[in-house]
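Data block below; observations after.
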Amino acid sequence: MLKGIAASEGIGIGKVMIIEEHSLEYQPKQVADTDAELQRFHDAVDAFCEETMEQAEAVKKSAGEKEAEILMGHIYMMKDPGMVGTMEAQITGGQCAEAAVEQICDMFIEAFSSTGDEVTAQRAADVKDIKTAILSILLGVKVVKISEAPAGTVIVAKEVTPSMTAGINKENIVGIVTETGSQTSHSAILARALEIPAVLSVENATTQLSSGEQLIVDGSEGQVITAPSEAEIQEYTEKRDAFLREKRELENYRGKKTLSASGEEYELFCNIGTPKDAAKAMEADGEGVGLFRTEFLFMDRNALPTEDEQFEAYKQAAIVLKGKGLIIRTLDIGGDKEIPYLGLEKEENPFMGFRAIRYCLKHRDLFKSQLKAILRASAFGDIRIMFPLITAIEELREGKALVEEAKADLRASGIDFDENIKVGVMTETAASGVIAHMLAKEADFFSIGTNDLTGYTMAADRGNSDVAYLYSPFQPSVLMMIQRIIKCATEAGIPVGMCGEAAANPMMIPLLISFGLTEFSVSAPSVLKVRKTISKWTKAEADKVCEKVMSMTTEAEITQYLKDVV
Amino acid sequence: MVSKKLTIVNAQGFHMRPASTFATAMAKYSSDVVLKHNGQDVNAKSLMNIIAACIKCGNEIEVVATGDDENEALAEAVSMIEAGFGE
């Protein structure tokens, strides 16, 4: 068995087709007849553009507009004066076409890669692709046509390049294995768009495997099973069928309301980390965003983002969501999330230290610029503000006062925003659970962050294997905390959501229904699963289970019981 | 020679699509068009050079046009950048 990164879920069983990288070696030479060489070069460029155009058309049908655009970009890049013009000059100077193409492409690959910018570095992969394609044409190397692969083929390659994608036919390709790549690489995005199971970063896959051998690709677990036995094939065929059945069944819940079996309606939101994720939330059929983490704007850079930059990001998410709810959590740094340029001192106990709302209230300029950016974006959608790590009511009051200050500034400048923007509390500390009845009178909504709430209530770090056994949202103390937070919100008549991982746990869902949660916020891939789980419970059945659970005294007893009933 | 200083406003900066539309638009002028960014002179008619310059949202750049149709070239460049390339 070979291990890799699970990049596109599902199971594929088929025969290996190794996509070899052909040798593109040539003998660099000085050319006497430069006109003829230029002609040879232009013929190759024309052939390249024609092929790429055809591929783009094919990709548009199989994978969509965005993928096709990447290929069209190759044509624009090649036709750029910086590329074709410089290459022509080299050839006129007596170089052979191959050397001209290689040198100029390498120059841009180096220039793009060395910027240290992820998006620009990705363009280097495009230039590599162009170089390979043009050299192949010039050298007359025949490239294996993936489009001619027979049904039941597993593609094994160093990486899936944009130009290879053109040939991938969903009907025939049952799996993808590559030697490089990550969850976010081009190969992964493509595999998921085509719904082909894929395992990436499998070391030496192209040399360890050989064409024609049978292979199982488990894109859910990130495993590749070589030389599978009859029993394994049987087992994985069943797994594959179950996976596909479940997926088909879940599709029935797409576009539906989130209703319990007894008709209570819930909001089913997504947790996101970047404006791009907002689109994923919509694709996944999320009804809004229950947690937009804003740390991405502050991380992996050398200076604070400007108010305008933040505004653009929040606005972009709001526009994508088309008026659906968008809860933006203000900066939650510190603890495990370090930002070097903020110059935070090393703390003995960072999780109990200077972080999140505590840091923001001491750095009012930074906080106010974020609040102003959020307020400005509120003119473009249904945006709500959420403060993390609240432990005392003064923090909520000070935060709200600062929101009012930010509003006054905007009003004075004549900038539009939502005057009635809701300001809520992320209840994720034991303190906020205990004073939930006080907070509920002054907050517009609650959202329970179960990961931190569990950690802070149990005083246990889940990353520490010696105490991880204590870290469970099914501990009676944590459940009582959740129950209390929801009860206080209900009594005050404010909405209460959950944006921690527990919200998607089928064992937790009946308890949340019974407690009276109004909004579930989960990761995009969980949306349909959670909608299905909620639809299986009536309020009365959930109440019965909940009553039983809340009478139990140990976590072990509770989880055993819940496993049996769900 | 005419020039103007501007700030990039679209979230993604000068990425593939805007860089490509921009370079194509500039190519139709006979004037030289240069983007001054981080002390570098970037040929505004070359998509590849623009990408390599890695111009991001919030960056300040100066557009400099020199030639017979420099005013028209500058006007179009400025309006494209200010409009965030319609993104």
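Entry remark, the stretch A:327-357: residues being farther than 12 Å from A:Glu295 by Cβ and either open to solvent by less than 70 Å² (accessible area, probe 1.4 Å) or aromatic (Phe, Trp, Tyr) (or both) number 9 in total. The set of residues in the stretch B:1-31 that are of a type outside the set (Gly, Ala, Ser) and within 11 Å of another protein chain (Cβ to nearest Cβ) comprises B:Thr7, B:Ile8, B:Val9, B:Asn10, B:Gln12, B:Phe14, B:His15, B:Met16, B:Arg17, B:Thr21, B:Thr24, B:Met26.
Taken over the stretch A:544-553, the criterion of being surrounded by 11 or more Cβ atoms within 10 Å (Cβ to Cβ) and part of a helix (DSSP H, G or I) is satisfied by A:Lys544, A:Val545, A:Cys546, A:Lys548, A:Val549, A:Met550.
Residues of the stretch B:57-87 that are open to solvent by 60 Å² or more (accessible area, probe 1.4 Å) and outside any helix (DSSP H, G or I): B:Glu60, B:Thr66, B:Asp68, B:Ala83, B:Glu87.
A residue that is modelled with pLDDT under 95, assigned to a helix (DSSP H, G or I) and open to solvent by 30 Å² or more (accessible area, probe 1.4 Å) can be found somewhere in the stretch A:445-454.
The number of residues in the stretch B:32-52 being more than 8 Å from chain A (Cβ to nearest Cβ), more than 11 Å from the chain's Cα centre (by Cα) and buried (at least 20 other Cβ atoms within 10 Å of the Cβ) comes to 0. Out of A:Ala504, A:Ala556, A:Ala489, report the one residue that is of a type in the set (Gly, Ala, Ser), over 19 Å from A:Gly286 (Cα atoms) and surrounded by fewer than 22 Cβ atoms within 10 Å (Cβ to Cβ). It is A:Ala556. Select from the stretch A:51-94 the residues that are among the hydroxyl-bearing types (Ser, Thr, Tyr) and either more than 10 Å from chain B (Cβ to nearest Cβ) or touching a residue at least 12 places away in the same chain (Cβ under 8 Å) (or both) and list them in ascending order. Scanning the stretch A:51-94 gives A:Thr52, A:Ser62, A:Thr86, A:Thr92. One residue stands out among those in the stretch A:403-441 that are part of a helix (DSSP H, G or I) and under 15 Å from A:Arg384 (Cα atoms): the one that is most open to solvent (accessible area, probe 1.4 Å), which is A:Glu404.
Yes/no matrix, rows are residues, columns are (1) closer than 24 Å to A:Asp452 by Cβ; (2) outside the structural domain of A:Arg384 (by TED's automatic domain parsing); (3) modelled with pLDDT of 95 or more; (4) among the small types (Gly, Ala, Ser):
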| residue | (1), (2), (3), (4) |
| --- | --- |
| A:Met299 | yes, no, no, no |
| A:Glu312 | no, no, no, no |
| A:Gln316 | no, no, no, no |
| A:Ile319 | no, no, no, no |
| A:Lys324 | no, no, yes, no |
| A:Asp332 | yes, no, no, no |
| A:Asp336 | yes, no, no, no |
| A:Ile339 | yes, no, no, no |
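Pairing each residue of the stretch B:33-46 that is more than 13 Å from B:Phe14 (Cα to Cα) with any residue that is in a strand (DSSP E or B) and hydrophobic (A, V, I, L, M, F, W, C), provided the two are 6+ apart or on different chains, yields C-beta distances under 6 Å for B:Val33/B:Ala65; B:Val34/B:Val64; B:Asp41/B:Val34.
Counting only strands (runs of 3 or more DSSP E) that fall entirely inside the stretch A:260-352 and contain at least 3 residues that are within 14 Å of chain B (Cβ to nearest Cβ) and of a type in the set (Lys, Arg), no element qualifies.
The values are calculated or read from the model by the stated rules, or taken from the named source; none is laboratory data. Small disclaimer: the values here were computed from a predicted structure and weren't measured. Glycine gets a Cβ as well: all are built from the backbone with ideal geometry, and neighbour counts include every protein chain shown. Note: accessible area is taken over every heavy atom of the protein model, side chains too, but ligands, DNA and RNA are not part of it. Shrake-Rupley method; radii C 1.70, N 1.55, O 1.52, S 1.80 Å.
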